[in-house]
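I have placed the structure first, in the form of structure tokens, so that the comments after it can refer back to it.
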Amino acid sequence: MDRPRDEAPPGRLVYVETYGCQMNVYDSAAIVGLLGAHGWRQTDDPDRADALLLNTCSVREHAEHRVISRLGELRQRYARDGRRALLGVCGCMAERLAGVLVQGRRIADLAVGVDQYDRLAELLEIALRAGPQEPAPIAIGHRGDAHYVAPPAANPANNSHLVTIHKGCDYRCTYCVVPLTRGPQREKAPEVILAEVAAVVAAGGVEVTLLGQNVTAYRCGEALDFAGLLERVAAVPGLRRVRFLTGHPRDLSDRLLRAIGADPAICPWLHVPAQSGSDRVLKRMKRLYGRADYLRMVEKARAWIPQVTFSGDFIVGFPGETDADFRDTLELVRGVGYDTIFSFKYSARPGTPAARLPDDVSQTTKRERLAALMAAQDEAWRQLAAAQVGQTVRAAVEARARRGAGWWRLRTTNNRKVVLPLRDGAVGQEHEVLITGFKDTTFLGEAAAGPRARRGDGSCGS
Ligand code: SAH
Ligand code: SF4
Ligand code: F3S
């Protein structure tokens, strides 16, 4: 019997390498699922694969350089072995650089953007049959209906299953390439999201992380905003915890903060990138909030969400950033008290509004500011962590710790890591833990009481 045109012969293997953010992690799982329906199986070994797909990121120049050198390395390796494996580029770089990558120097044999994965099986077949002289398939551009559903992962990082709730972003932060690569914000329907969460529970999962570039802007019609979605997800029977990434500081409304504080299944951890502590810079970044707005949001969160913790992102060396601007950022970091910050040197991205500004902060200054920011964060964290010693927290078992036999790694619902010896560790089980010390960002503890594995028992918080 003839196979449909886009069906792979039995036994075709695909290898997927993922770069960039959690949304790409989710998309890679969706890609494997979609290809699986066409006869492809995933392999962890690139040397056995018929097709190698790199799911890529464009957020900074360095991220793109890594992928380009990886493509070169894979090309050379297979040319040397006399083996022809197909090299494909998916994700944000495909949207931005398809022409450069598959035409011209033909660094890749195929480029498929973030809204075209339902066509990937068909395009792989075309590319596999194409001779080296034939044009390589390219599928890019944004579509409203392109929402993919990844099957629940077997072993998700931190035992938290990712569930993407929307695509793209309607904000226009001047440094950011994401609206160009990911397109406008398009919501996944709440019933699809709830069905995905139910599937996670059916597969044995107890925790989900709702994902999007800007989850706090989620809105489905007049009736359902992000707070409402969170409440509905938290109420899915069998689910113990829900987290979310990334919140935009402007959208952390009173209603949302109160909803998070009111439901013990919604984890009290806010990843709220400030990007800068300087009003002047925030304005030039078009972040749509000022330093005082941000601090007010933090204050309300502290008042309304028991045990809330914060993490964030910062960019140093944005065009025109002065020493005084940077001091404002240091002061903000010292004042907020983040558990973690991710800090980046500004990287001009072609096509973004900021790329038209002179990139006038030198590499040396960017490097120095990055180091100073990290040092300020380390200092602020040590004070925060020291204040936790002697406290009892509740945390769920994640995995065995590398510290030695009998040691386990747990995560508090407000997203802190703690390691301790347990007589009988079982993944997902909750324990009361006495914090006895800390090393870097990991707390040390000892069991304070017997294990628990209930939901909604006040387990959010440490
Ligand atoms: N949607 C999120 C994060 C987007 S990208 C938000 O609104 O905050 C992740 C992080 O990369 C950003 O928070 C920012 O700190 C950093 N980033 C984005 N564009 C950048 C650029 N051009 N140069 C340096 N860092 C950048
Ligand atoms: Fe980029 Fe801003 Fe959208 Fe975040 S909110 S993805 S930084 S444009
Ligand atoms: Fe990178 Fe695209 Fe995510 S640019 S950060 S992979 S949305």
Checklist entry - Taking the range 40-62 only, how many residues are under 19 Å from Val112 (Cα atoms), over 23 Å from the mean Cα position of the chain (by Cα) and either within 16 Å of ligand 1 (Cβ to nearest atom) or in a loop (DSSP other than H, G, I, E, B) (or both)? => result 2
Next on the checklist: Can you tell me how many residues within the range 248-292 are away from ligand 3 (no atom under 16 Å from the Cβ) and not in a helix (DSSP H, G or I)?
Outcome noted: 20
Item to check | For Leu257: the one exception among (1) open to solvent by less than 20 Å² (accessible area, probe 1.4 Å); (2) within 12 Å of ligand 1 (Cβ to nearest atom); (3) over 17 Å from His161 (Cβ atoms); (4) of a type outside the set (S, T, N, Q) | outcome: (2)
Checklist entry - Which residue pairs have Cβ atoms under 6 Å apart, sit 6 or more places apart or on different chains, and have a first residue in the range 306-319 that is touching a residue at least 12 places away in the same chain (Cβ under 8 Å) and a second that is part of a loop (DSSP other than H, G, I, E, B) and within 12 Å of ligand 2 (Cβ to nearest atom)? => result Gly312/Val272; Gly312/Pro273; Gly312/Ala274; Asp313/Pro273
Item to check | Looking only at the range 314-340, and only at residues there that are closer than 16 Å to Trp381 by Cβ and within 23 Å of the chain's Cα centre (by Cα), the one that is most open to solvent (accessible area, probe 1.4 Å) | outcome: Thr340
Checklist entry - Can you pull out the residues in the range 363-398 that are in a strand (DSSP E or B), open to solvent by less than 30 Å² (accessible area, probe 1.4 Å) and free of Cβ contacts under 8 Å to residues at least 60 places away in the same chain? => result Val397
Item to check | Residues satisfying the stated conditions in the range 216-241, i.e. outside any helix (DSSP H, G or I), within 15 Å of Leu252 (Cα to Cα) and touching a Ser or Thr at 6+ places or on another chain (Cβ under 9 Å) | outcome: Asp225
Checklist entry - Among the candidates Arg302, Arg284, which residue alone is more than 16 Å from ligand 2 (Cβ to nearest atom) and either over 22 Å from the mean Cα position of the chain (by Cα) or of a type in the set (Ser, Thr, Tyr) (or both)? => result Arg302
Checklist entry - Residues in the range 145-162: is at least one closer than 25 Å to Cys220 by Cβ, in contact with a strand residue (DSSP E or B) (Cβ under 6 Å, 6 or more places away or on another chain) and within 16 Å of ligand 1 (Cβ to nearest atom)? => result yes
Checklist entry - Out of all the residues in the range 203-251, which are of a type in the set (A, V, I, L, M, F, W, C) and open to solvent by 10 Å² or more (accessible area, probe 1.4 Å)? => result Ala203, Val206, Ala217, Cys220, Ala223, Leu224, Ala235, Val236, Leu245
Checklist entry - Only one of (1) open to solvent by 40 Å² or more (accessible area, probe 1.4 Å); (2) within 16 Å of ligand 2 (Cβ to nearest atom); (3) among the polar types (S, T, N, Q) fails for Asn24. Which number is that? => result (1)
Item to check | Flag if Leu71 is part of a helix (DSSP H, G or I), under 23 Å from Leu211 (Cβ atoms), away from ligand 3 (no atom under 15 Å from the Cβ) and at pLDDT 90 or above | outcome: no
Item to check | In the range 98-121, the residues that are open to solvent by 30 Å² or more (accessible area, probe 1.4 Å) and under 21 Å from Lys167 (Cβ atoms) | outcome: Asp118, Arg119
Checklist entry - Can you tell me which of Asp360, Asp325 is more than 16 Å from ligand 3 (Cβ to nearest atom) and either small (Gly, Ala, Ser) or assigned to a loop (DSSP other than H, G, I, E, B) (or both)? => result Asp360
Checklist entry - With (1) assigned to a loop (DSSP other than H, G, I, E, B); (2) open to solvent by less than 30 Å² (accessible area, probe 1.4 Å) as the list, and Glu196 as the residue in question, which single condition is left unmet? => result (1)
Checklist outcome for this item: Within the range 270-296, residues being among the aliphatic types (A, V, I, L, M), out of contact with any His (no Cβ under 8 Å at 6 or more places or on another chain) and open to solvent by less than 10 Å² (accessible area, probe 1.4 Å) number 5
Next on the checklist: Could you go through the range 97-108 and let me know if any residue there is within 16 Å of ligand 1 (Cβ to nearest atom), in contact with a His (Cβ under 9 Å, 6 or more places away or on another chain) and not basic (Lys, Arg).
Outcome noted: no
Item to check | Flag if Ser343 is within 16 Å of ligand 3 (Cβ to nearest atom), among the hydroxyl-bearing types (Ser, Thr, Tyr) and either open to solvent by 60 Å² or more (accessible area, probe 1.4 Å) or not in a loop (DSSP other than H, G, I, E, B) (or both) | outcome: yes
Checklist entry - Can you tell me how many residues in the range 154-178 are farther than 16 Å from Gly247 by Cα and open to solvent by less than 30 Å² (accessible area, probe 1.4 Å)? => result 6
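Every residue, every condition in (1) more than 14 Å from ligand 1 (Cβ to nearest atom); (2) charged (D, E, K, R); (3) touching a Cys at 6+ places or on another chain (Cβ under 9 Å), yes or no:
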| residue | (1), (2), (3) |
| --- | --- |
| Ser343 | no, no, no |
| Thr365 | yes, no, no |
| Leu384 | yes, no, no |
| Asn415 | yes, no, yes |
Checklist outcome for this item: Checked pairs for the range 168-189, first acidic (Asp, Glu) and in a loop (DSSP other than H, G, I, E, B), second open to solvent by less than 30 Å² (accessible area, probe 1.4 Å) and near ligand 2 (Cβ under 7 Å from one of its atoms), C-beta under 9 Å and 6 or more apart or across chains, list as Asp170/Pro179; Asp170/Asn214
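The values are calculated or read from the model by the stated rules, or taken from the named source; none is laboratory data. Just so we're clear, the structure is a prediction, and the values are computed from it rather than from any experiment. Quick reminder, even Gly has a Cβ in these numbers, built from the backbone with ideal geometry, and neighbours come from all protein chains shown. Areas reflect the complete protein model, heavy atoms only, side chains present, ligands, DNA and RNA absent. Shrake-Rupley method; radii C 1.70, N 1.55, O 1.52, S 1.80 Å.
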